Amino acid sequence: MNDPALESRTRGRTYRAILAAAASVLARNRTATLPEIAEAAGVSRTTLRRYFPDRDGLISAAVEDSVEAIEQSVADAEIEQGSPVEAMRRLVAAMVSVGDRLMFLFGDPRILEGHGPGGVETRSGEPAAASDDPVIALIERGQAEGVFDPEVGADWIQKVLWSLVYTGYEEADQGRLPRHGVVSIVIRTLENGIRVGR
């Protein structure tokens, strides 16, 4: 006798595995085929096509899933807690942990077309306002407390942060940097660039 709850959990795991594999594979090869993604996900082509009949649908779902994964990693870092410097360090670690998703979303600007400014939307589908952005709020808090340079715009610091994490993850992916060293090198580079003189 089939257990509907077990079947639902299995379908959910398969769905998530396909989306994670799509982000990982497409981050490295924008022209990857559905069979290549199916192989990376550990499912058959037929199974993948049951979930995603076409490539466009899979990419769209992978974008949404990747945005949610990044938002969740930022939320899990609890960057509203503690000192701005410590919160920023937790944020960097959280972002590196979803490096595949970052490479997928930001490696090709066309991927995020139709997903609001900077590709970020709220869960209701509306573009996120800057005031709702927890990363901007953290940066502004650090500037107000005198630990991040107040003469550099918060948007600029955020873009530098994303770029450093992306570059660090890419360097590790290419074998030019040990994966365990990405967080520390990103933090060091970021802090030496945005912290007020120590």
### Query
Label-point separation (nm) for Arg188 and Ser8, each offset 7 Å from Cα along Cα-to-Cβ?
4.9 nm
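Between Arg179 and Thr47, how high is the FRET efficiency from 1/(1 + (r/R0)^6) when r is the Cβ-Cβ distance and R₀ = 22 Å? Nearest 0.05.
Numbers: r = 30 Å, r/R0 = 1.36.
Result of the calculation: an efficiency of 0.15.
Could you compute the net charge surrounding Arg90? Neighbours are other residues with a C-beta less than 13 Å from the C-beta of Arg90; K and R count +1, D and E count -1.
-3
Probe radius 1.4 Å, ligands and nucleic acids left out: which of Ile139, Ile111 has the largest accessible area, and how do the rest follow? It would help to have the intermediate numbers written out before the result.
Details: Ile139 0, Ile111 30 Å².
Largest accessible area first, the list is Ile111, Ile139.
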### Task
Assign one of three labels to the stretch 1-75, namely rounded, prolate or oblate, based on the Cα gyration tensor with a ≥ b ≥ c the square roots of its eigenvalues; rounded applies when a/c is under 1.5, prolate when it is not and a/b is larger than b/c, and oblate otherwise.
oblate
### Message
Give me, ordered by chain and number, the residues 5 or more places off Phe148 or on other chains with an amide H under 5 Å from its own placed amide H.
### Response
Gln143, Val196
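Give me the net charge of Glu36's neighbourhood, meaning all other residues with Cβ under 14 Å from the Cβ of Glu36; Lys, Arg count +1, Asp, Glu -1.
Values: positive: Arg28, Arg30, Arg45, Arg49, Arg55; negative: Glu39.
Summing Lys and Arg as +1 and Asp and Glu as -1 gives +4.
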### Summary
Ignoring ligands and nucleic acids, Arg101 exposes an accessible area, probe 1.4 Å, in Å² to the nearest 10, of 40 Å²
### Summary
Quick calc: nm separation of the 7 Å Cα→Cβ label points for Thr167 and Ser83 -> 2.6 nm
### Message
With θ taken as phi - 60° and the coefficients 6.51, -1.76 and 1.60, list the Karplus ³J(HN,Hα) couplings across the stretch 22-34 in order, rounded to whole Hz; mark glycine and proline as x.
### Response
4, 4, 5, 5, 6, 5, 9, 8, 4, 9, 4, 8, 4
### Task
Keeping all protein chains in position, work out how much accessible area Tyr166 exposes to a 1.4 Å probe, and write it in Å² to the nearest 10.
50 Å²
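The values are calculated or read from the model by the stated rules, or taken from the named source; none is laboratory data. It should be emphasised that the depicted structure is a prediction, and the values quoted were computed from it without experimental measurement. Note: ideal-geometry Cβ built from the backbone for every residue, glycine included; neighbour counts use all protein chains shown. Accessible surface areas use protein heavy atoms only, side chains included; no ligands, DNA or RNA. Shrake-Rupley method; radii C 1.70, N 1.55, O 1.52, S 1.80 Å.
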